[in-house]
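Some notes on the structure that comes next.
Please treat every number below as a calculation from the coordinates, not as lab data. Nothing here was measured: the structure is a model prediction, and the numbers come from that model. Ideal geometry is used to build each Cβ from the backbone, glycine not excepted, and the neighbour counts take in all protein chains shown.
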Amino acid sequence: MKLLRLVPDGMNFGFVRFRRFSFPFSATLSVVIVALFLYHGLHLGIDFTGGTLIEVQAKSGKADVGAVRQIAQGLNAGEVEVQEFGDKGGVSLRIPLQPGGDQAQNALVAKARGVLEKDYDFQRVETVGPRVSGELVQLGTLGVVLSILSVMIYLWLRFEMNFAVGAIIGTMHDIVLTMGFFVISRVEFNMTSIAAILTIVGYSLNETVVVFDRTRELLRRYKTMPVEELLDLSVNSTMSRTAMTATTAALSLLALVIFGGRTIEGFAIVMLTGVAICTYSAIFISSPVLIYLGIRAIDMREPTPAEPAGAAKVRAKPAA
């Protein structure tokens, strides 16, 4: 039986030369994302803003969004956000927090139910109070900051300084671009989104460490090989593993997007975007940036065998 290979054996492609395009592209995109973030901010979910989220499904299979908006205005609940989702008559209503506390909020939900339940089935009703939303904001921010600090400490202990800086640049790049997805797409940012961000940090770190470990190994083996050629060799030699990991992860996430339902759809879409960003970053950002960090000056601290003749022409081998 012939094994499936996404990358041909002995691949020898010059990835690093594309840094002349990938660096300006990513830098420009990052600046635009930061500017949009400062101007528009995120579309925060009720986890962080407080309020009530109601999701209903039309019994007829087709929702009349205009009629639902009129009903929402009749609730006198302030600015109620009404959106259609899916292709089976799904509609969501985001009701802001009401003066009068939980009692007023529950009364409003009961009023909405009384008006809508004739034509719609209620699929989801979630209410988050101001105190809980404030705590979630604090804990979510703390979790993200601590995870990033932990990653930096790990990289500092795991690699020499040059590699650690390269890995941090790659990880920060992936986080910024993933946040850019939230800013541009206006996908709701909630606690599930924070879980997705933390997962992407781990995925990004794993992709970078695999390539960097191969780079360090090749640095010891081929001491006179030009850095650009050596980085191409390390990327090519790990490309089979990178392609297989990204493909299997993307297929799994795509299945969740299609069949996972509304609850997990947002998480799966963000993760799918993050996998694409991390794969691009490991090849075109994290590895090429080592050229400018002087990795040739590194003392590898281990005895190295003599470089074989013609080593610079050795072709890449698939990662084990």
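For the reader, a short list of remarks on this structure follows.
- Part-to-part distance (alpha-carbon centres) for the range 125-156 and the range 193-272, which is given in Å: 24 Å
- Radius 12 Å from Cβ of residue 45, net charge of other residues (Lys, Arg +1; Asp, Glu -1): -2
- C-alpha long axis of helix 19-40 to longest principal axis of the chain, angle in °: 20 degrees
- Along the chain, the exposed loop sites are GluC sites (Glu not before Pro) outside DSSP states H, G, I, E and B with at most 14 other Cβ atoms within 10 Å, and the longest stretch free of them is 118-320.
- Tensor-based shape of the chain (alpha-carbon gyration tensor, a/c under 1.5 rounded, otherwise prolate or oblate): prolate
- Computed from backbone phi with θ = phi - 60° and the Karplus coefficients 6.51, -1.76 and 1.60, the 3J(HN,Hα) list for the range 239-248 is 5, 4, 5, 4, 5, 5, 5, 5, 5, 5 Hz; x is used for glycine and proline.
- What the Cβ-Cβ distance of residue 39 and residue 12 gives, at R0 = 51 Å and to the nearest 0.05, is a FRET efficiency of 0.70.
- Between 0 and 90°, nearest 10: helix 65-74 axis offset from the chain longest Cα axis: 60 degrees
- Amide H contacts under 5 Å for residue 44, placed H, 5+ residues apart: 189
- Projected label distance in nm at residue 76 and residue 138, using a 7 Å step from Cα toward the beta-carbon: 3.6 nm
- Förster-model FRET efficiency, 22 Å R0, residue 122 and residue 88, C-beta, rounded to 0.05: 0.90
- The lysine pair count for the chain, using Cα distances under 26 Å and pairs eight or more places apart or on different chains, is 11.
- Phi angles of the range 258-266 translate, via the Karplus equation with coefficients 6.51, -1.76, 1.60 and θ = phi - 60°, into HN-Hα couplings of 7, 10, x, x, 4, 4, 9, 4, x Hz per residue; Gly and Pro are given as x.
- GNM flexibility winner over the chain from 232, 102, 174 (Cα, springs under 10 Å): 102
- Counting DSSP beta bridges with both ends in the chain, the antiparallel % (nearest 5): 95 percent
- Among 287, 204, 26, the largest mean-square fluctuation in a Gaussian network model of the chain (Cα springs under 10 Å) belongs to 26.
- Linear extension gain, residue 259 paired with residue 150, 0.36 nm per residue minus alpha-carbon span: 35.8 nm
- Among the trypsin sites (Lys or Arg not before Pro) found in the range 118-197, those both in a DSSP coil and sparsely packed, with 13 or fewer other Cβ atoms within 10 Å of their Cβ, are 118, 186.
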